[in-house]
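Report on the structure given below.
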Amino acid sequence: NFLLANSKRLNSTASGISSFKTASKKTTQQPTLSSYVTDNGKKNVVILGSGWGGISFLQHIDESKYNVTLISPRPHFLFTPLLPSTPVGTVDEKSIIEPVVNFAVKKTKGNVSYYEAQATKIDHKQNTVTIKSFSHVNHLGSSKGSESIKKNDSADIKYDYLISAVGAEPNTFGIPGVEEHGMFLKEIEHSPKIRKQFIENIEKANLLPKGDPERKRLLTIVVVGGGPTGVETAGELQDYVDQDLKKFLPSLAEEVQIHLIEAMPVILNMFESKLTSYAQKVLEQTSIKLHLKTAVSKVEEKHLIAKTKVSETETKEELIPFGTLIWATGNKPRAIVTDLIKDIPEQEGSRRGLLVDEHLKVKGLDNVYAIGDNAVAGLAPTAQVAHQEAEYLTKVFNKNQIGSAKPFKYLHYGALAYLGAEKAIANITYGKKQLYTGGGLITFYIWRCLYLSMIISWRSRFKVMSDWLKLAFFKRDFFKEL
Ligand code: FAD
Ligand code: NAI
């Protein structure tokens, strides 16, 4: 096991191992895992999540000052900004994920443990997190031969400080049929699913005669949500059709129709109107059909119902058949977060996540912090915010300024979005100072350079650069399965 093989390079957290028993041995009490170290005088910091918040925190925390435990069911970090490029193979899926262990093994100055497990409950009175093993637990810091909890076992982890960075999950707004018939693009495993469905539909459509309504349906892709995820995904899919599919199935490629459906009057509403108008023009030029002021209200297996606001009082209902449906309408909090909210009076009524104070401390609790998409700090749920929050909090922890630090201050570096056809829009800022605003081919190269610089490991940076270089000479890797 690769993860366990690397454990030798990490220091042991073996003290207190006798308190650990697995649930499979029918213990009456929930076992408490041994990563809670009591004999080295250091506080135990437990991080939930291996995304932008969790991994940035792990990277910057001084492990010589704290015993650090990271818990996440996802054994890799995902560079989300390039996720829309992966379903069509512009960038390979493996290029934008990085094993957690690659970050953990660099922390050689202290106790660092990683559990591949899901946190199911935070008990803020007992200072424990209950975890459930996702596949199995890789207790990187345990001593040789020590037990590890088995699949589906539960255990408690004690903490002195808890950093909640569990992110959020796709929001369907309870619209019927979305979960069953739609696909999300939030995690890396969503990407091959989208590709597989699209390829299967192309194959089926190719066997049907031109003009057959079933052929038309199979070649219709609907993307719901005109935020950056929806726009970038639609743009990448159209790139594949125009640049690759047209070369080997030209007549079929011409029949592919991508629809982008947005409930608001504009797409990409975080950009100024000059840029959103430009974005709309580019999408329409590349033959993506835009439906603005249109909300999807119901999804069936082969079609959806969309309602367009035609005037203040009138809506028009349309049935849109689809072969592939991608749902990108934003986020909602995870169950572990909503459960915790219900348990804390100071969090009452919070619908979007954990309310935090100016030091990112969860309101109503003394030793729990929240960063990234699961925190409500008056900022957008972006990687940029999660990363800066993690950097700030580690500085506070590393300087022993807990309770006495200056408040967190966010510095906005702007926003970027890829539109397809080698065109992007960008609004680059330094706080309130505007540095660059533009759209087109040059902005596309700026977009590429800035994304390369944002990638948090040299391994991934190198892989993404070689994917882009490969694309200059060859077609995309568009495999149904590997
Ligand atoms: P995440 O990065 O989502 O990480 C959450 C982690 O928690 C994951 O490892 C997850 O497995 C883990 N977890 C979940 N449940 C549990 C549990 N119960 N116990 C323990 N761990 C758990 N932002 C930008 O600034 N720029 C961009 O270009 C950009 N592009 C994006 C493109 C896409 C397609 C998407 C979906 C998002 C994009 N974002 C972008 C937004 C950005 O990805 C998020 O804001 C960011 O990931 C938030 O970081 P986080 O750590 O809060 O959550
Ligand atoms: P989002 O919340 O930004 O956009 C979702 C869109 O879906 C909204 O415009 C909303 O009006 C629309 N919508 C909701 N319900 C609908 C319905 N029933 N029918 C039609 N439209 C509906 O979500 P997104 O794009 O997933 O982004 C999430 C976060 O990640 C944001 O903060 C975003 O800024 C960030 N992000 C940033 C990127 C970038 O900077 N390039 C790329 C992707 C995400």
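Which pairs break 21 Å Cα to Cα here: Lys274/Lys423; Lys106/Lys158; Lys309/Lys423?
Numbers: Lys274/Lys423 15 Å; Lys106/Lys158 24 Å; Lys309/Lys423 30 Å.
Too far apart for the 21 Å limit: Lys106/Lys158; Lys309/Lys423.
Which of the chymotrypsin sites (Phe, Trp or Tyr not before Pro) found in the stretch 318-377 are loop residues per DSSP with 15 or fewer other Cβ atoms within 10 Å of their Cβ?
Details: sites: Phe322, Trp327, Tyr369; in loops: Phe322.
Qualifying residues, ordered by number: none.
Principal axis extents for the stretch 276-383, Cα atoms only, whole Å, descending order, please.
That gives 53, 32, 32 Å along the principal axes, largest extent first.
For Tyr445 and Glu358 in the same chain, what is the full-extension length gain: residue separation times 0.36 nm, less their Cα-Cα distance, in nm? Intermediate results must be reported in sequence, preceding the final value.
Numbers: separation 87, 0.36 × 87 = 31.32 nm, distance 3.65 nm.
Result for the pair: 27.7 nm of gain on full extension.
Binning at 10 angstrom from zero up to the longest distance, how are the C-alpha pair distances of the chain distributed in percent?
Going out from 0 Å in 10 Å bins, the chain shows 4, 18, 27, 25, 17, 8, 1, 0 percent.
Determine the calculated [θ] at 222 nm for the chain from helices alone, applying -39500 (n - 2.57) to every DSSP H run no shorter than 4 residues and normalising by the residue count; nearest 500 deg cm²/dmol. Can you show the working numbers first?
Working: 13 runs with 133 residues, N = 482.
Helices in the chain give a 222 nm mean residue ellipticity of -8000 deg cm²/dmol.
With a Förster radius of 56 Å, plug the Cβ-Cβ distance of Asn102 and Leu292 into 1/(1 + (r/R0)^6) and report the FRET value to the nearest 0.05.
Calculated transfer efficiency: 0.85.
Can you list residues from other chains, or at least 5 along the same chain, whose modelled amide H is less than 5 Å from the amide H of Thr315?
So Thr315 has HN proximity to Val310.
Please work out the FRET efficiency for the pair Trp458 and Lys125, using the Cβ-Cβ distance as r and a Förster radius of 56 Å; give the result to the nearest 0.05.
Using R0 = 56 Å, I get an efficiency of 0.80.
Expressed in nm to one decimal, what extension gain is obtained for the pair Leu469 and Glu179 from 0.36 nm per residue of sequence separation less their Cα-Cα distance? Don't skip to the end; give the middle numbers.
Details: separation 290, 0.36 × 290 = 104.40 nm, distance 3.66 nm.
That works out to 100.7 nm of additional length.
From the phi angles alone, apply the Karplus equation (6.51, -1.76, 1.60; θ = phi - 60°) to the stretch 349-365 and give each ³J(HN,Hα) in whole Hz, x where the residue is Gly or Pro.
Each residue of the stretch 349-365 in turn: x, 6, 9, 9, x, 7, 5, 10, 8, 5, 9, 6, 7, 5, 4, x, 10 Hz.
Please give every one of the aspartates and glutamates within straight-line cross-link reach of Lys470, meaning a C-alpha to C-alpha distance under 16 Å, and leave out same-chain neighbours fewer than 8 residues apart.
Those aspartates and glutamates meeting the cut-off are Asp92, Glu93, Asp239, Asp244, Glu422.
Quick one: if the Förster radius is 22 Å, what FRET efficiency do Glu348 and Lys395 give, using the C-beta to C-beta distance and rounding to 0.05?
Working: r = 31 Å, r/R0 = 1.41.
Calculated transfer efficiency: 0.10.
Give a residue-ordered list of calculated ³J(HN,Hα) values for the stretch 262-270 (Karplus: 6.51 cos²θ - 1.76 cosθ + 1.60, θ = phi - 60°; whole Hz; x for Gly, Pro).
9, 6, 7, x, 10, 8, 6, 5, 7
Each reported figure results from applying straightforward, stated rules to the coordinates on display, with no laboratory input. Because the structure is predicted, anything quoted here is derived from the model rather than measured. Neighbour counts are summed over all protein chains in view; Cβ atoms, including those assigned to glycine, are modelled from backbone coordinates with ideal geometry.
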